[in-house]
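Data block below; observations after.
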Amino acid sequence: MAFIHAPSRRELMLSAGVLFAWAHWPKLARAEGRDPRMLTIVLRGALDGLAVAAPVGDPDWIKLRGDKALTIDGKPPALPLDSFFALNPAMPNLHRLYKAGQATIVHAAATPYRERSHFDGQDVLESGLDKPGAVHSGWLNRALASLKAEHRVGDEKAFAVGPVTPLVVRGSAPVMSWVPPNIKQATDDTVLRLLDLYNHTDPAMARALEGRMGLISLARSEAMGGKPGDAKPPNMNGARAYFTEAAGTAAKYLARADGPRVGALAFNGWDTHNNEGVASGLLANLLGALDGAIAAIETNMGDAWSQTTVAIVTEFGRTARINGTDGTDHGTGTVALLIGSALKGGRVIADWPGVKATSLYENRDLKATTDLRAVLKGLLRDHLRVDERVLAETVFPGSAKLKPMGGLVVSA
Amino acid sequence: MTLDPKSTAALALHRFGLGPRPGQIALIASDPRGALLAELDKPNINRIAGAGLMGSAEAARALFEYRAEQQARQIVAKREADRQQAMADTEAGKSMTEKTMAEKSMADDAAQKRDPSKDVGRQIFLGEAKARVDAALTADIGFAERLVWFWSNHFCISADKIPSMAGAYEREAIRPHVLGRFGDMLLAAESHPAMLFYLDNWDSIGPNSVAGINRSKGLNENLAREILELHTLGVRSGYTQSDVTSFANVLTGWSMSAVSNPDHGGEFVFVKRMHEPGDKTVLGKSYADDGVGQGRAVLADLARHPATATHVAQKLAKHFVADQPPQPLVDRLAKVFRDTGGDLKAVTVALVKSDEAWSARRGKLKRPDEWLISALRVGGVREPGPDRVVGAQNMLGQPLWRPPSPQGFSDEEAAWLDGLPTRLDIASTYAARIWDRLDPHTMVDEALGPLASRETRETVMRAESKTQAFAMLLLSSEFQRR
């Protein structure tokens, strides 16, 4: 069970945190003079892809999002990627890597999942199956297991510290996991949701929670006529520090000569129903934290950065239009962010569906025109050298008709 | 208000039991009240397997021996350190070098340091805690366990004062009687060495007893007062200070044998030498002096006293139903108590059969231990590790067998509501460990059935992750209130 013997509050908070897991990686590519690394980051809660890479060249863009639309002359101005797309200004590191050919943005992408449940969406994203269900292993683990069957190397004893390993790396291939010390997880999203629930169901509990969590000021600013978004979401510094520490440590492990070669971690907090704050607000802060994590990965990878790819993925996107409370609801098409010096980057890859009302999926969402599995299959085949047949049958079962996306990495 | 069968089943599990395990709401939905009553009829439902657990006297002797050995070891270590120090002083002249200072401090540390896994007191405590947690997690409904918890808190002692006996006391004095007679539990509790030590009666001496005349020590009223105020009649029920003093004199000589006695240390003993001689009057009735029998007679009368019936009925109804329980319910329970001479099973059955016990608003905030166990049960956890449960209870302000006073832990919302943020931390941690076993599509139904509000269902289903969904469920008002 979860309870630590007589723990401090801080210990508890951190063990509640997101965790990472690394699978040991047999260094079989060494014969080719390569030693590839691959990190997968799952953004839980469904990321608004249009808020990351905005289609500023699409004539329907401003119509769609009005004054919430990112623009290259906005406040702050979006960072141009090409003549059509521009990046959220909270992500200067990603922009720099993109310009250096070390980042690729795949747009209008999605898994085969078309419903709107986080749980099922995450199941599909991490399991690699085309339907949610009782799944006990993830695509990254199965990819690893397939390689290991042919090339068993060294002592593969599992090592696990911390609570639950993300599904994407769970499975028969041994995994070690680790929880970052000294950093507390930002649970403010949970607190705010709970507060909202209590306000509807149990005022006494709402008061008890408010009082202790120091959110009275937040509530007051709303009561006094300010918009809820006026109050800064609490503890963003905590999220930023957590993301940086987590991703940076993952990179340090992957960079070690004797370290694991494949890893996964997850960041929560992307379910932005209210006051999304694309340019300066909750989402901008989260994207800034993610940008910090990206910088930490690059730095801590050291020389191994040249052999690295990082796939940043989410279970689905969000509605194309802004909703009545300045947020977005669960949608379909979104972005996948690929970074790493092993990439043939500097491109936005998209079969752009457009954002006209008639182009939207169910008149709500950015239509998914790229199957995320094709992107992941491309990385696994060309970067980690996973057999294409194995990818079609085992890693992403039933995906034979879906060709791996070629040309994503330099060495392909 | 009439509830549908599934709601009634969920209410039965939360209000009277320790919360549902997956599948259990459906299991008892055909007859929830019958299921509660059937649990009470199961043989030995109120007992727990004591395999490997020591009796209270044996535990007290074991801890005494352990501590005596520890003390001896420390003395030896200190002597050795002093001897080395003296040698160093001689060798290095009068100046003490940093090195020898460091050595001395290390020797001191070594003498002080204890290996927690070998700490006999901790082993005893955790063994008892494990037995208790196991019973709570494996119970079908947990109604009998809830009764044990209720009565254990009513007749509480504290492990802060008598660590060796905390668990054994509950098994010996409380469990056998929760479905028996109140008078038997009263006698078992008040004559238990743990209680006699906790409320200072073990060295209370009658001023005119042999020991009282020979020694300058005297009467201690603590136990007598708490029996009247907390365990039987209730505060402000008409007894006077002279009743307290007189009753304290009745109880002189109720003691325990020294734990250093290797054969019988830590057992109840009536010491005639300490007992105040003569007849005594308590609550207007005179009791002839027949030694230990005098105290037994007073306790038997207190057990039958109408004020005791009311006090117990009030507390029971308050614990199971509402902070301000419906008066007709209290009156009915008190009447059954009086009519049956304190038959606790009859009183408990009357509680279950009373409509008020079911129709009351679900406003009771679960106490930390109730909430913790219900969270473990609904998550399907069977072996949580007793140290973790103990640690979580500490954090939540309800340390196991360590009430803040003889009043026991409070039964009112106001005492516990401020602990909500800590519950949030614990629920999040717990959810992060077990989320992958859980199906968010069914968890609300398994935990609450139709008792879940639309808002709670939506909040759980819209959570960002399974972890958050489960934490939200455990923190929802409907899961925390019963």
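When the criteria are applied in full, B:LEU475 meets the requirement of being under 14 Å from B:GLY379 (Cα atoms), at the interface with chain A (Cβ under 9 Å from one of its Cβ atoms), modelled with pLDDT of 95 or more and within 31 Å of the chain's Cα centre (by Cα). In summary, B:ARG482 fulfils each of the numbered conditions (1) more than 10 Å from chain A (Cβ to nearest Cβ); (2) under 17 Å from B:ASP369 (Cβ atoms); (3) at pLDDT 90 or above; (4) open to solvent by 10 Å² or more (accessible area, probe 1.4 Å) with the single exception of condition (4). Residues that are open to solvent by 20 Å² or more (accessible area, probe 1.4 Å), under 29 Å from the mean Cα position of the chain (by Cα) and charged (D, E, K, R) occur at least once in region B:429-443. The set of residues in region B:290-325 being without any contact (Cβ under 8 Å) to a residue 40 or more places away in the chain, farther than 30 Å from B:ARG273 by Cβ and open to solvent by 40 Å² or more (accessible area, probe 1.4 Å) consists of B:PRO306, B:GLN324. In this entry, B:VAL389 is excluded by the filter for residues that are facing chain A (nearest Cβ under 10 Å) and outside any helix (DSSP H, G or I). Residues in region A:245-280 that are in contact (Cβ under 8 Å) with a residue 60 or more places away in the chain and open to solvent by less than 40 Å² (accessible area, probe 1.4 Å): 23 in all. Residues in region B:235-258 that are hydrophobic (A, V, I, L, M, F, W, C) and part of a loop (DSSP other than H, G, I, E, B) were compared, and the one that is surrounded by the fewest Cβ atoms within 10 Å (Cβ to Cβ) is B:VAL235. Here's a check for you: in region B:27-60, which residue that is acidic (Asp, Glu) and not in a loop (DSSP other than H, G, I, E, B) is nearest to B:GLY121 (Cα to Cα)? The residue in question is B:GLU58. Exactly one residue among B:GLY183, B:GLY218, B:GLY238 is touching a residue at least 40 places away in the same chain (Cβ under 8 Å) and closer than 28 Å to B:ALA60 by Cα, and that residue is B:GLY183. Looking only at region B:452-466, filter to residues that are open to solvent by less than 30 Å² (accessible area, probe 1.4 Å) and more than 8 Å from every other protein chain (Cβ to nearest Cβ); which one of those is nearest to B:LYS6 (Cα to Cα)? Residue satisfying both the conditions and the ranking: B:ALA452.
A quick yes/no check of all residues on (1) more than 29 Å from B:ASN249 (Cα to Cα); (2) basic (Lys, Arg):
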{"position": "B:HIS275", "(1), (2)": "no, no"}
{"position": "B:LYS280", "(1), (2)": "no, yes"}
{"position": "B:ARG296", "(1), (2)": "no, yes"}
{"position": "B:ALA322", "(1), (2)": "yes, no"}
{"position": "B:PHE337", "(1), (2)": "no, no"}
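Would it be correct to say that B:VAL269 is without any contact (Cβ under 8 Å) to a residue 40 or more places away in the chain and touching a strand residue (DSSP E or B) at 6+ places or on another chain (Cβ under 7 Å)? It is true that B:VAL269 is without any contact (Cβ under 8 Å) to a residue 40 or more places away in the chain and touching a strand residue (DSSP E or B) at 6+ places or on another chain (Cβ under 7 Å).
What are the residues in region B:38-75 that are open to solvent by less than 40 Å² (accessible area, probe 1.4 Å) and in contact with a Ser or Thr (Cβ under 9 Å, 6 or more places away or on another chain), if any? B:LEU40, B:SER56, B:ALA57, B:ALA59, B:ALA60, B:ALA62, B:LEU63 - these are the residues of region B:38-75 that are open to solvent by less than 40 Å² (accessible area, probe 1.4 Å) and in contact with a Ser or Thr (Cβ under 9 Å, 6 or more places away or on another chain).
In region B:404-441, of all residues being touching a helix residue (DSSP H, G or I) at 6+ places or on another chain (Cβ under 6 Å), small (Gly, Ala, Ser) and farther than 19 Å from B:SER477 by Cα, the one that is nearest to the other protein chains (Cβ to nearest Cβ) corresponds to B:ALA432.
Yes/no per residue for (1) assigned to a helix (DSSP H, G or I); (2) basic (Lys, Arg); (3) within 15 Å of B:PRO406 (Cβ to Cβ):
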site	(1), (2), (3)
B:GLU145	yes, no, no
B:SER152	yes, no, yes
B:LYS161	no, yes, yes
B:MET165	yes, no, no
B:TYR169	yes, no, yes
B:LEU179	no, no, no
B:ASP184	yes, no, no
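Scanning region A:80-103 for residues that are farther than 19 Å from A:TRP352 by Cα and free of Cβ contacts under 8 Å to residues at least 60 places away in the same chain returns A:HIS95, A:ARG96.
Here is the figure for region B:132-176: residues that are among the β-branched types (Val, Ile, Thr), out of contact with any Phe, Trp or Tyr (no Cβ under 9 Å at 6 or more places or on another chain) and open to solvent by less than 10 Å² (accessible area, probe 1.4 Å) total 1.
Just one residue in the set B:ALA350, B:ALA447, B:ALA357 is without any contact (Cβ under 8 Å) to a residue 24 or more places away in the chain and more than 10 Å from chain A (Cβ to nearest Cβ); that residue is B:ALA350. If you filter region A:330-377 down to residues that are among the basic types (Lys, Arg) and within 23 Å of A:MET301 (Cα to Cα), you find that the one that is surrounded by the most Cβ atoms within 10 Å (Cβ to Cβ) is A:ARG347. Summed over region B:182-204, residues that are open to solvent by 30 Å² or more (accessible area, probe 1.4 Å) and farther than 21 Å from B:VAL148 by Cβ total 4. Is it the case that region B:116-132 has a residue that's outside any helix (DSSP H, G or I), in contact with a Leu (Cβ under 7 Å, 6 or more places away or on another chain) and modelled with pLDDT of 95 or more? There is no residue in region B:116-132 that is outside any helix (DSSP H, G or I), in contact with a Leu (Cβ under 7 Å, 6 or more places away or on another chain) and modelled with pLDDT of 95 or more.
The values are calculated or read from the model by the stated rules, or taken from the named source; none is laboratory data. Bear in mind that the values here come from a model prediction, so they are computed numbers and not experimental data. FYI the Cβ positions are ideal-geometry reconstructions off the backbone, even for glycines, and counts take in every protein chain you see. These accessible areas exclude ligands, DNA and RNA; they are computed on the full protein's heavy atoms, side chains included. Shrake-Rupley method; radii C 1.70, N 1.55, O 1.52, S 1.80 Å.
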